[in-house]
Amino acid sequence: KRCPHEERHFMCVADLSFEAESPVASPAELLEGLPSYDWLQGHGESRQVFFPPLETLTRPREPVSWSSVLDHSRVPLVTEEVAREALLSFVNSQCCYSSAAAGDLIIQELRQQTLCRYRLETFSESRVSEWTFQPFTNHAVDGPQRGTSPRLWDMKVQMPPMFQEDTRKFQVPHSSLVKECHKCNGRGRYKCSGCHGAGMVRVSIEKGWGGPASCGLRCSTCSGRGNKTCATCKGERRLEHFVQLVIMWKNSLFEFVSQHHLHCPRELLAKARGENLFRDENTMVYPIVDFPLQEISLASQRGISEHSAALASRARILQQAGGPSATG
């Protein structure tokens with residue numbers, strides 16, 4: 001838009017300095033402790049992790065005859081045909097490689113080497129509490145007047161299948177508080193930061209001659225209204241604050257590959273197919289103590305110990321699955 005009596009050549013520079021707005025996060029002083037949530041607040045912290053004690057192993061361990069397991073394992077043998085097929089598959093996956101040399105290559109010797117690995121997967125659940133809010137639309141409020149809020153680990157929720165990661169959020173019963181919106185101070189709208197409530201902005205006009213001038217333009221931020229609907233309460237003026245339970249189901253993975261003389265990247269060895277020699281799955285698995293390769297036994301003990309130490313302070317172990325496998 002142009003100002004009246006302006007010259008033909010000009011440049012508009014809008015003065016869009018704006019006032020700082022109040023924060024979106026609700027101030028801590030708004031959230032006085034609920035009678036049943038004194039234990040939740042954590043001395044002013046809005047987010048806190050809770051976990052129950054780990055269960056101890058009570059089931060008897062069945063002895064494993066490793067000699068019988070190894071004798072009946074079906075570690076695949078690499079024949080000349082299999083080796084050539086693998087080589088051709090690799091060559092064909094490269095854009096600038098020719099398959100002629102790989103097809104005519106004479107394989108003089110194949111050396112079979114078997115390596116063992118130990119893999120441990122731990123499925124755990126952690127629960128976090130935090131304050132959150134939503135616009136209050138005169139709906140029914142489930143506050144402390146309706147009863148005592150359950151403790152976080154007493155809330156029953158449906159778990160995902162074992163070893164399937166997921167995150168879900170739930171509103172804690174009887175934890176709601178209705179408060180005036182802290183961003184707009186209960187007005188539902190706030191002064192536009194672009195025009196400071198005037199609906200117009202002053203622009204500087206640089207004329208072709210005669211010096212600078214100025215005029216007013218309708219504010220594009222608020223379309224000339226001078227105010228905007230509060231984005232926090234969506235114009236409802238009040239907010240419902242409540243405690244939200246966030247449950248995270250996670251998998252922790254430990255892998256160990258026995259010593260070998262293969263010049264092969266570790267990430268490729270991890271993808272190699274092999275034979276599962278033994279698989280233990282329970283709330284907590286036992287470490288292997290008598291495997292023919294001592295490094296596998298030590299790796300199983302280290303993996304279980306690392307997972308227990310890492311998760312004990314922040315999660316509950318729901319299920320573990322572990323065991324050795326052999327790859328040829």
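General remarks:
- Subset of segment 215-235 (residues that are touching a His at 6+ places or on another chain (Cβ under 9 Å) and on the phi > 0 side of the Ramachandran plot): G226
- Set E81, E62: member being open to solvent by 40 Å² or more (accessible area, probe 1.4 Å), part of a helix (DSSP H, G or I) and at pLDDT below 90: E81
- Test: residue in segment 228-245 that is of a type in the set (F, W, Y), open to solvent by less than 30 Å² (accessible area, probe 1.4 Å), under 30 Å from Y190 (Cα atoms) and at pLDDT 90 or above: yes
- Residue in segment 189-210 that is open to solvent by 40 Å² or more (accessible area, probe 1.4 Å), assigned to a loop (DSSP other than H, G, I, E, B) and in contact with a Lys or Arg (Cβ under 7 Å, 6 or more places away or on another chain) present: yes
- Any hit, segment 308-315, residues being open to solvent by less than 40 Å² (accessible area, probe 1.4 Å) and either basic (K, R) or free of Cβ contacts under 8 Å to residues at least 12 places away in the same chain (or both): no
- None of L152, L110 is surrounded by 11 or more Cβ atoms within 10 Å (Cβ to Cβ) and within 30 Å of E275 (Cα to Cα) except L110.
- Selected residue (criterion: nearest to R146 (Cα to Cα)) from residues of segment 176-222 that are modelled with pLDDT of 85 or more and among the basic types (K, R): K179
The values are calculated or read from the model by the stated rules, or taken from the named source; none is laboratory data. Owing to the predicted nature of the structure, the values given are computational and were not obtained by experimental measurement. Positions of Cβ are generated from backbone atoms using ideal geometry, with glycine treated the same way; all protein chains shown enter the neighbour counts. Each accessible area value is taken on the protein alone, full model and side chains, heavy atoms only, with ligands, DNA and RNA left out. Shrake-Rupley method; radii C 1.70, N 1.55, O 1.52, S 1.80 Å.
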